[in-house]
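The values are calculated or read from the model by the stated rules, or taken from the named source; none is laboratory data. This structure is a prediction, so every number in the text was calculated from the model and none was measured. Here the Cβ positions follow ideal geometry from the backbone for every residue, glycine too, while neighbour counts run over all protein chains shown. Keep in mind that these areas ignore ligands, DNA and RNA; they rest on the heavy atoms of the full protein, side chains included. Shrake-Rupley method; radii C 1.70, N 1.55, O 1.52, S 1.80 Å.
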Amino acid sequence: MKVLITGSSGFIGTNVVLAFKDRFDILCIDLQPPKIKSLEDVWIKVDITDLKAFRQAVVEFNPDYILHLAARTDLDGRELGDYAANIVGVCNLMKIASELFSLKKIVITSSMLVCHAGYYPQNQFDYAPTTIYGESKVETEKAVWANKPMCDWAIIRPTSIWGPWFGVPYRNFFDMVLKHRYIHIGYRSCTKTYGYVGNSVYQIEQILFNDTRDENKKVYYIGDNPATNIEEWGNEIATELGFKIKRIPYCLLKIVAYVGDCLKLLSIRFPMTSFRLKNMTTDNIIDLSDTYELAPNPPYSRIEGVRKTLDWLRLA
């Protein structure tokens, strides 16, 4: 069974490749080399915004399944054109997919940020982004719906995914706890849908290899149930490290966030801004019922994920 994985050198991609490499015939496409040198033999460098090069690589491999993870995922872009990989790259992929007559399934990755935190979409086409990145992912989804492949397909929206091989911003949370720099924000602890990457890989695999032909169920959020209370999660990490997390008044952090806003205007990075503070204190609980219908048995508990992540960080 031949599986093409784009964005294979990213955080989620690396974990998928590690899970798939011994069970499937895989080809990995990414502009960046793999994070793990031993995976270079299944990787080729391809720019997905270059239709000719992208088409040649995909058609030559002739996959049975495609998992499209490739994207620009930071929030630093100033206009939609900065996210060409998310728009042009997906349009190219849909063109190529229409030429693959043996293709059985394609899964395209979007983002939960097609809707802002605290907004609960009424249907698959209800969008409410507040970032340029989120807008680019809305365009990703629209491109898929406008060019539906002949084979089965699905869209996945990862929530806040964490675990080995992660980077900013979610590694920042672990790094701050490890360095005793994380503090509880008064008594405004929020609850969000996060996902340990080991469970995310399981969910993605189940969506990729199971039937999702019902057009009323084409969008699947990736994450863990129940949702994560940030204070409880922080305490779990700190307990594994043998200390307790301190608490600081919310009003004080509002002042710090204002300072961060001012520094941002000067293009100076600062760990706290009003945007980040609001995000850290706003509940965002995602309905995962459709995902859990296909993938009902995630293999890891949160504390198991914490321990595996801490083990990886010690070696990173």
Consider ALA143 carefully, then state whether it is out of contact with any helix residue (DSSP H, G or I) (no Cβ under 6 Å at 6 or more places or on another chain) and among the aliphatic types (A, V, I, L, M).
no
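For every residue, the table says whether it meets (1) touching an Asp or Glu at 6+ places or on another chain (Cβ under 9 Å); (2) of a type outside the set (D, E, K, R); (3) surrounded by 13 or more Cβ atoms within 10 Å (Cβ to Cβ); (4) farther than 20 Å from ARG171 by Cα.
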site	(1), (2), (3), (4)
ASP211	yes, no, no, yes
THR228	no, yes, yes, no
CYS251	no, yes, no, yes
ASN279	no, yes, yes, no
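Residue by residue, here is whether (1) open to solvent by less than 50 Å² (accessible area, probe 1.4 Å); (2) among the basic types (Lys, Arg); (3) within 17 Å of the chain's Cα centre (by Cα); (4) under 24 Å from ILE204 (Cα atoms) holds:
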{"residue": "ASP50", "(1), (2), (3), (4)": "no, no, no, no"}
{"residue": "PHE54", "(1), (2), (3), (4)": "yes, no, no, yes"}
{"residue": "GLU60", "(1), (2), (3), (4)": "no, no, no, no"}
{"residue": "ASP64", "(1), (2), (3), (4)": "yes, no, no, yes"}
{"residue": "ASP74", "(1), (2), (3), (4)": "no, no, yes, yes"}
{"residue": "TYR83", "(1), (2), (3), (4)": "yes, no, yes, yes"}
{"residue": "ASN86", "(1), (2), (3), (4)": "yes, no, yes, yes"}
Test: residue in the stretch 163-185 that is in contact (Cβ under 8 Å) with a residue 24 or more places away in the chain, open to solvent by less than 10 Å² (accessible area, probe 1.4 Å), touching a helix residue (DSSP H, G or I) at 6+ places or on another chain (Cβ under 8 Å) and more than 19 Å from ALA316 (Cβ to Cβ)
yes
Is at least one residue of the stretch 35-46 modelled with pLDDT of 95 or more, touching a strand residue (DSSP E or B) at 6+ places or on another chain (Cβ under 6 Å) and either under 14 Å from LEU93 (Cα atoms) or open to solvent by 80 Å² or more (accessible area, probe 1.4 Å) (or both)?
yes
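Table: residues versus (1) open to solvent by less than 40 Å² (accessible area, probe 1.4 Å); (2) more than 20 Å from the chain's Cα centre (by Cα); (3) within 23 Å of ASP152 (Cβ to Cβ); (4) in contact (Cβ under 8 Å) with a residue 60 or more places away in the chain.
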position	(1), (2), (3), (4)
GLU205	yes, no, yes, yes
LEU208	yes, no, yes, yes
VAL256	no, yes, no, no
LEU263	no, yes, no, no
LYS308	no, no, no, yes
Hey, which of the helices (runs of 4 or more DSSP H) in the stretch 226-316, taking only ones fully inside, have at least 3 residues that are under 20 Å from TRP162 (Cβ atoms)?
230-241, 274-280, 302-315
Of those in the stretch 172-203 that are of a type in the set (Ser, Thr, Tyr) and part of a helix (DSSP H, G or I), the residue nearest to the chain's Cα centre (by Cα) is SER200
